[in-house]
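Participant: Take a look at the following structure, please.
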Amino acid sequence: MDSDAEAPPRSNTPEFSVSEISTAIKRTLEGEFARIRIRGEITELKAYPSGHIYLALKDEGAKIRGIIWRYAVPRLSLKPENGVEVVATGKVSSYGERSDYQLIIDRLEYAGEGALLARIDALRKKLAAEGLFDEGRKKEIPTLPQVIGVVTSEKGAVIQDIRTTVARRFPRQILLWPVPVQGQGAAEQIAAAIEGFSRLPAHLPQPDVLIVARGGGSLEDLMAFNDEAVLRAVDACPIPLISAVGHETDTTLIDFVSDRRAPTPTAAAELAVPSRAEMMAALAQTAARLLQSGQVATDRARLRLSRIEARMPDLPGLVGAARQRLDDRGERLSLAPRAYLSAKRRQLDALAPRLLHPRETLAAHRHALGLAEAHSRAALRRLLDRRQNALHRLPDPTARIDSRLREAKLRLAGLSARLDGASYQGVLARGFALVRHEDGRPVTTAAAIAEGDRLQLTLQDGNRMVTADTFSDPAARKPRRPAAKKAAQGSLL
């Protein structure tokens, strides 16, 4: 009964390992929030050398971390900056090693048209004040150009519309300068293409008219054609230029700077060449069938690809987690040497108080050296005595050997006397003492001793520490009462 009462209570609550619960949370987040849009202000933006961008989106009440993988950065329609309010599109995932949840971002848009329109309006007023919109700066479009230059994407439907329209109305030679028409870096490439057409080498066909075009889209998608670099390149271009950006309701600043504005890319082609209606029917019908057939084939292939993709594991998620771990390890590795040096410095500071002062070490070595010298001299005397006794016990074979031994003894006795005379140990044996200060400096005069000094006396059999009393006349010194015996230490004077 007692053992049952002491047993721990059982529980029906399931038990998970850390990895199991982390994987379950990651699966739940990615299943519930497979594709979402989050609005917030960009903060804590950091671009790593690997090409990935780490950031956070915040509002007045919360904050969520986000990641833009390297392969998604070129497809962004804007350049992420701290303090910009955006709408981020992606999926929610988690980083198991830190138990953090985060947004994997593949698209960024400005948070509203109000901020974009304010920027566009400020640039419009600036360029209007400089005169870039004046009608007197416009150039005439040639009636029948021989070569038409086109600045647009090579993969979109815009170039097909322009080609179809030109071929339908009046076939002309078309030079395409392919550029991205939206996303980060698109404005710079569009401006470079416009400037490049005006600097073509003489052996290449020279365009008589330029068409800058793209299809319709949101205000964010058309922002490349509101960029100041593009507008100044259009103003400086010596070739007549037709802008055809978006649909009829779309208006961008390039429409005010260009020489002619077309509501659509098709209308731009119609402005560039005269009509040839008799060639339109067969060519338009064939082009429509080809486009429809290609679209159907593309749709079927896209459907098959989507079905296959649904059965495949989330390889980008696995690779993304590995990339994030690599970035984390790289940052921790850069901080490791500094932490290691700090730990070693703390160990050194802890050991320093326990180290002996060099003065104490020298005094101990001096004392050990004096003892070793005394022991070595005593051992030498005992060895000489034993050798002399051994010589006395040897038989006397010849008088010559006795004579040589006597001479050797006399010489040895003389050398021993000289050795004893040169050694201060002999002086100590006669009752003298070697007086030194506590730090090892020798004392040669009484004036060098002050009252209360700690002195080290070296006697024949060892060292003693004493305290000095100072008086001028030994005869005037009052006799002291016999004091009680003290332990181990007396006075020198």
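The values are calculated or read from the model by the stated rules, or taken from the named source; none is laboratory data. Just so you know, these numbers come straight off a predicted model, no measurement behind them. Neighbour counts run over all protein chains shown; Cβ positions are idealised from the backbone, glycine included.
Participant: Against the definition (more than 30 Å from Ile120 (Cα to Cα), free of Cβ contacts under 8 Å to residues at least 40 places away in the same chain and more than 52 Å from the chain's Cα centre (by Cα)), how does Thr298 come out, yes or no?
Facilitator: So Thr298 fails the test.
Participant: Sticking with this structure for a sec: Does Leu383 satisfy being more than 30 Å from Lys91 (Cα to Cα) and touching a residue at least 40 places away in the same chain (Cβ under 8 Å)?
Facilitator: Judged against the criteria, Leu383 is not a match.
Participant: Hey, could you check the range 161-187 for residues that are exposed (fewer than 15 other Cβ atoms within 10 Å of the Cβ) and in contact with a helix residue (DSSP H, G or I) (Cβ under 9 Å, 6 or more places away or on another chain) and say which is modelled with the lowest pLDDT?
Facilitator: Gly185
Participant: Has the range 69-76 got at least one residue that is outside the structural domain of Met223 (by TED's automatic domain parsing), farther than 27 Å from Ala224 by Cβ, assigned to a loop (DSSP other than H, G, I, E, B) and in contact (Cβ under 8 Å) with a residue 12 or more places away in the chain?
Facilitator: no
Participant: So, in the range 249-290, of the ones that are β-branched (Val, Ile, Thr) and either part of a helix (DSSP H, G or I) or modelled with pLDDT of 80 or more (or both), which residue ends up nearest to Pro171 (Cα to Cα)?
Facilitator: Selected residue: Val273.
Here is a yes/no grid of residues against (1) out of contact with any Lys or Arg (no Cβ under 8 Å at 6 or more places or on another chain); (2) surrounded by fewer than 11 Cβ atoms within 10 Å (Cβ to Cβ); (3) at pLDDT 80 or above:
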{"position": "Arg411", "(1), (2), (3)": "yes, yes, yes"}
{"position": "Ala422", "(1), (2), (3)": "yes, yes, no"}
{"position": "Arg436", "(1), (2), (3)": "yes, no, yes"}
{"position": "Leu457", "(1), (2), (3)": "no, no, yes"}
{"position": "Asp461", "(1), (2), (3)": "yes, yes, yes"}
{"position": "Met465", "(1), (2), (3)": "no, no, yes"}
{"position": "Ala484", "(1), (2), (3)": "yes, yes, no"}
{"position": "Gln489", "(1), (2), (3)": "no, yes, no"}
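Participant: Further question on the same structure: Across the range 243-263, what is the total count of residues that are among the polar types (S, T, N, Q) and either free of Cβ contacts under 8 Å to residues at least 24 places away in the same chain or at positive phi (or both)?
Facilitator: Result for the range 243-263: 2.
Participant: Within the group Lys63, Lys125, which residue is among the basic types (Lys, Arg) and more than 25 Å from Arg332 (Cβ to Cβ)?
Facilitator: Result: Lys125 is the single residue among Lys63, Lys125 that is among the basic types (Lys, Arg) and more than 25 Å from Arg332 (Cβ to Cβ).
Participant: Among (1) modelled with pLDDT of 75 or more; (2) buried (at least 16 other Cβ atoms within 10 Å of the Cβ), where does Ile36 come up short?
Facilitator: Here Ile36 meets the rest and fails (2).
Participant: Oh, and also: Quickly run through the range 438-452 and pick out the residues that are under 22 Å from His357 (Cα atoms), modelled with pLDDT under 85 and more than 60 Å from the chain's Cα centre (by Cα).
Facilitator: none
Participant: Spot the failing condition for Gly136; the list is (1) closer than 19 Å to Leu219 by Cβ; (2) in a helix (DSSP H, G or I), and only one is missed.
Facilitator: (1)
Participant: Filter the range 158-201 for residues that are outside any helix (DSSP H, G or I), under 50 Å from the mean Cα position of the chain (by Cα) and over 16 Å from Ala224 (Cβ atoms) and give the result.
Facilitator: Ile174, Leu175, Leu176, Ser198, Arg199, Leu200, Pro201
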